[in-house]
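One structure is given below, encoded as structure tokens.
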Amino acid sequence: MLTSDVVSIFRKEIDLAKGSGLSDVSLDSLTKLVDMIEEESHRTPENVEYAQARIEQFKSSLVDWQNDNQRDHESRLEMLRATIATSHLAIKSALLINGGAAVAFLAFLGTAWTRFSGAMVKGLLASSLEHFVIGVMFTGVGAGVAYFCQAAFGGDLGKHSEKIGELLRWVAAFLVLGSFWKFYEGCQLALQAFINGG
């Protein structure tokens, strides 16, 4: 703390005392004033003005705040990347499972159609293939909805983008889950056809 800072503090306190109507200062009051100045000088490095010390303190706090915000931003960004990667994996898995099942089932139906003679069994096999195809369609529509969901969260759909994005996110999730459900139903019908046809 500089001498000019000490003098300015003394003057300020003397002016306050005069303004309060005091003309004499007790030794106790003077001791308290000296203690206050000494305490302030311990908080301020030597040969540094009081205002400059406060500016440095503010700069330090600002750097800490910036670092905290940067860390939070990077954490949210990584979470977003992980969420997107997981959703892509779910869409690819649903498409692979249902698409693979539909293609394999088409190849199988060529030989199974002549082997199984009952109309009920053929109907179950056809229904099974239908579920796999619907599962593929659900996945495709889910991928399209996911694209528009990302556009909404990017602010491309106007002032209600955030609300639209939230809605589309749930629609995409339910479509992909519906795709997995259609695969399960198709497998159940195929299994029932094999049990009835065998």
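The values are calculated or read from the model by the stated rules, or taken from the named source; none is laboratory data. As the structure is a computational prediction, the values presented were derived from the model and not from experiment. Note that we place each Cβ from the backbone using ideal geometry, even for glycine, and neighbour counts take in every protein chain shown.
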Checked pairs for the stretch 123-145, first surrounded by 18 or more Cβ atoms within 10 Å (Cβ to Cβ), second hydroxyl-bearing (Ser, Thr, Tyr) and assigned to a helix (DSSP H, G or I), C-beta under 6 Å and 6 or more apart or across chains, list as 135/179; 138/179; 139/179
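Scanning for something surrounded by 14 or more Cβ atoms within 10 Å (Cβ to Cβ) and without any contact (Cβ under 8 Å) to a residue 40 or more places away in the chain, does the stretch 82-92 turn up at least one residue? Break it down into steps so the answer makes sense when it comes.
Going through the stretch 82-92, the residues surrounded by 14 or more Cβ atoms within 10 Å (Cβ to Cβ) turn out to be 87, 90-91.
Keeping just the survivors that are without any contact (Cβ under 8 Å) to a residue 40 or more places away in the chain gives none.
Scanning the stretch 82-92 turns up no residue that is surrounded by 14 or more Cβ atoms within 10 Å (Cβ to Cβ) and without any contact (Cβ under 8 Å) to a residue 40 or more places away in the chain.
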By residue number, the members of the stretch 107-121 that are surrounded by 14 or more Cβ atoms within 10 Å (Cβ to Cβ) and either touching a Gly at 6+ places or on another chain (Cβ under 9 Å) or not in a helix (DSSP H, G or I) (or both) are 112, 116, 121
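Okay, residues lined up against (1) within 24 Å of residue 121 (Cα to Cα); (2) at pLDDT 90 or above:
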residue	(1), (2)
133	yes, yes
152	no, no
155	no, no
162	no, no
170	no, yes
178	no, yes
183	yes, yes
192	yes, no
198	yes, no
Only unsatisfied item for residue 102, checking (1) of a type in the set (Gly, Ala, Ser); (2) free of Cβ contacts under 8 Å to residues at least 24 places away in the same chain; (3) in contact with a Leu (Cβ under 8 Å, 6 or more places away or on another chain), is (2)
Note on the stretch 160-172: residues assigned to a helix (DSSP H, G or I) and without any contact (Cβ under 8 Å) to a residue 24 or more places away in the chain are 161, 162, 163, 164, 165, 166, 167, 168, 169, 170
